[in-house]
Amino acid sequence: MTKYLLLHGWGGSDFPHWQSWLASELAKDYGCVSFLRFSDPDMPRLDQWSEELQEHLAEFKPDVIICHSLANTLWFHLCNTNPPKEIQKLFLVAPPRIDSKIEELSSFFPITLPKDLCAKETLLITSTNDPYLSTDEANKMQEALDVEMKVILNGGHINADSGFGAWEWILHECKNPIQGTS
């Protein structure tokens, strides 16, 4: 059975965000889903979130990880400092720029993109009008990470505020069989 781990960004991904919808949709068919809630999502600290993620990875042992926003940066830090066991699939949805200047997030930035994302398959998902990552920055990130990229036209930050509640496409992508398995 595939185990899915969803990681939210700054402020969380409560309903009606697509991550909360996705967690419930994956669980409907008795899927094994964990939607980790990090401490103090409105005032995140890298050291705290990193410790919580490492503990959860050791316990849950996911096959697929779906990151949104700041969770991408957290994953990059983990890959750079304490690489986790390789997972099957990694979704990097709406990552912020690597040198964000948002004061509340200062412990996370700047970040160096990792050489190894610790995943067999990775998909970077960006938008043409994300306020936290320009199209040019997204292209540079995709090139540096050497991963496949899907670009959503006018998708904003790919969150509830930009109309991403129920998101059938991501559900379909998550349910696709992992390459090399049945």
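Any read-out appearing in this document is the output of simple, stated calculations on the displayed coordinates, not a laboratory observation. Please read these numbers as outputs of a predicted model, since none were measured by experiment. Don't worry about glycine lacking a Cβ; one is built from the backbone with ideal geometry, like all the others, and counts go over all protein chains shown.
A few notes on this one:
- Residues in the range 125-148 that are aliphatic (A, V, I, L, M) and part of a helix (DSSP H, G or I): Ala138, Met141, Ala144, Leu145.
- Filter pass, Asp63 being acidic (Asp, Glu), over 22 Å from Ser107 (Cβ atoms) and surrounded by 14 or more Cβ atoms within 10 Å (Cβ to Cβ): yes
- Within the range 130-150, tally of residues that are under 29 Å from Ser39 (Cα atoms) and surrounded by fewer than 16 Cβ atoms within 10 Å (Cβ to Cβ): 2
- Checking the stated criteria, Ile111 turns out to be more than 17 Å from Ile65 (Cα to Cα), assigned to a loop (DSSP other than H, G, I, E, B) and more than 15 Å from the chain's Cα centre (by Cα).
- Residues in the range 25-50 that are under 22 Å from Trp169 (Cα atoms), without any contact (Cβ under 8 Å) to a residue 24 or more places away in the chain and surrounded by 13 or more Cβ atoms within 10 Å (Cβ to Cβ): Ala27 only.
- Filter pass, Asp161 being charged (D, E, K, R) and on the phi > 0 side of the Ramachandran plot: no
- Evaluating Lys120 against the criteria (1) touching a Leu at 6+ places or on another chain (Cβ under 7 Å); (2) assigned to a strand (DSSP E or B); (3) over 21 Å from Gly11 (Cβ atoms) leaves one unmet condition, (1).
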